[in-house]
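Sending over a structure as structure tokens; questions will come in a sec.
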Amino acid sequence: MSRRVLLAAPRSFCAGVDRAIEIVERLLSEHGPPIYVRHQIVHNDHVVRRLERLGAVFVDDEDEIPAGEICVLSAHGVAPAVRENCEKRGLRVVDAVCPLVSKVHAEARRYADTGHLVALVGHADHVEVIGTRGERPDSTVVVESPEAAARLESDGRPVAVISQTTLSLDDVRATVDALEQRFGTLTRPGADDICYATQNRQDAVKRLAEEATLILVIGSQTSSNAQRLVEVARIAGAEAELIDGESELDDDAVSGHEVIGLTAGASTPGELVDATIERLAALGYGEVVEITVAREDVHFRLPREVASA
Ligand code: SF4
């Protein structure tokens, strides 16, 4: 049997990432540089460097932006305190938060305002979780693991559970099960917080792992959803590596594998996948078979500040 590549579909950009990048591009073309962006617009170094070349300026804190300038808020969302500070400083805010993250923020507010302790399943230091928790910090506790869930104290309050959008479905399930064991029935949103793009990319990786013995995930170290794809692949029994592009491909690491799976996180540009396919072809993996587990046709409307640009 020939050496081949199984290419995951869906892979690469999701609708929220597409939208966030388009917002910055449109602002740059309408207003010219600099356009300030608070935090990496999406967690991919290639995207950030390309936008920097076009004139975007990325800052860690809105206090670094001169008064009167445009401040784009990244796809991951921010706490209300950040918006208030932007307003106080006279910045012109354009919000590139993904609507699916905004949905989780709304859940946090609704549950906290109806007397719940909000258990937010996620990584405490991830920027999305910091933003969501910031909606109602006094009523929200970040729960990082089933062990932490088992130790949680609710002080008699009913417990509601929400989650970061880019976690592994299986990890969330384990933590929610532990919360249920401790508190009984939990209040939960009607639809999962793990977004469609995260779910589809994880489903595709599980399918690849049925045949591929090595799965390459293209994405930056900072990308939560790409990191989770590596974990999901390993749990499914394959070897898995996170690479930031074809230049990080280790020839020796791939050579022992007949079938290689290839996917990319939701913030990874498709060009990096194409370049990796070319590189693999040069190493003898010329046959590429696309494995499609879902078709995505999701688009989010642009904010009004750029919709007509
Ligand atoms: S991964 Fe999901 S939540 Fe995050 S930007 Fe993409 S669609 Fe939105």
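Report, by residue number, each residue of segment 231-256 that is surrounded by fewer than 23 Cβ atoms within 10 Å (Cβ to Cβ), in contact (Cβ under 8 Å) with a residue 12 or more places away in the chain and more than 19 Å from LEU283 (Cα to Cα).
If the condition is that a residue be surrounded by fewer than 23 Cβ atoms within 10 Å (Cβ to Cβ), in contact (Cβ under 8 Å) with a residue 12 or more places away in the chain and more than 19 Å from LEU283 (Cα to Cα), then GLU231, ILE235, ALA236, GLY237 are the ones that fit.
Moving on to the next point. Among the residues that make up segment 143-165, is at least one of them farther than 13 Å from ALA119 by Cα, within 16 Å of the ligand (Cβ to nearest atom), surrounded by fewer than 18 Cβ atoms within 10 Å (Cβ to Cβ) and in contact (Cβ under 8 Å) with a residue 12 or more places away in the chain?
Scanning segment 143-165, I find no residue that is farther than 13 Å from ALA119 by Cα, within 16 Å of the ligand (Cβ to nearest atom), surrounded by fewer than 18 Cβ atoms within 10 Å (Cβ to Cβ) and in contact (Cβ under 8 Å) with a residue 12 or more places away in the chain, so the answer is no.
From (1) on the phi > 0 side of the Ramachandran plot; (2) without any contact (Cβ under 8 Å) to a residue 40 or more places away in the chain; (3) exposed (fewer than 14 other Cβ atoms within 10 Å of the Cβ), pick out the condition that doesn't hold for GLY55.
Against the list (1) on the phi > 0 side of the Ramachandran plot; (2) without any contact (Cβ under 8 Å) to a residue 40 or more places away in the chain; (3) exposed (fewer than 14 other Cβ atoms within 10 Å of the Cβ), GLY55 comes up short only on (3).
Let me ask another. ARG26 versus (1) within 16 Å of the ligand (Cβ to nearest atom); (2) crowded, with 18+ Cβ neighbours inside 10 Å: which is the lone unmet condition?
The one condition ARG26 does not meet is (1).
Condition check: outside any loop (DSSP other than H, G, I, E, B) and either of a type in the set (A, V, I, L, M) or in contact with a Phe, Trp or Tyr (Cβ under 7 Å, 6 or more places away or on another chain) (or both). Does ALA124 satisfy that?
So ALA124 does not fit the description; no.
Shifting gears a bit: So which residues in segment 75-85 are crowded, with 20+ Cβ neighbours inside 10 Å and away from the ligand (no atom under 16 Å from the Cβ), if there are any at all?
Scanning segment 75-85 gives a single hit, VAL82.
Just checking, how many residues over segment 41-86 are closer than 24 Å to ARG136 by Cα and among the polar types (S, T, N, Q)?
2
Listed here are the residues, each with its yes/no results for (1) within 24 Å of SER163 (Cβ to Cβ); (2) of a type in the set (A, V, I, L, M).
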{"position": "THR222", "(1), (2)": "yes, no"}
{"position": "ASN225", "(1), (2)": "yes, no"}
{"position": "GLU231", "(1), (2)": "yes, no"}
{"position": "ALA236", "(1), (2)": "yes, yes"}
{"position": "GLU258", "(1), (2)": "no, no"}
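Please state which of the following conditions VAL42 fails to meet, knowing it meets all the rest: (1) under 18 Å from the mean Cα position of the chain (by Cα); (2) surrounded by fewer than 18 Cβ atoms within 10 Å (Cβ to Cβ).
(2)
Conditions tested, residue by residue: (1) more than 22 Å from LEU100 (Cβ to Cβ); (2) touching a Lys or Arg at 6+ places or on another chain (Cβ under 8 Å); (3) at pLDDT 95 or above.
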| residue | (1), (2), (3) |
| --- | --- |
| GLU211 | yes, no, yes |
| LEU214 | yes, no, yes |
| SER224 | no, no, no |
| ALA253 | yes, no, no |
| VAL259 | yes, yes, yes |
| GLY265 | no, yes, yes |
| LEU272 | yes, no, yes |
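Within segment 277-309, track down each residue that is away from the ligand (no atom under 16 Å from the Cβ), among the charged types (D, E, K, R) and not in a helix (DSSP H, G or I).
Selection gives GLU287, GLU290.
The values are calculated or read from the model by the stated rules, or taken from the named source; none is laboratory data. This one's a predicted model, so the numbers in the text were calculated from it and none came from an experiment. With ideal geometry, Cβ positions are generated from the backbone for all residues, glycine too; neighbour counts draw on all protein chains shown.
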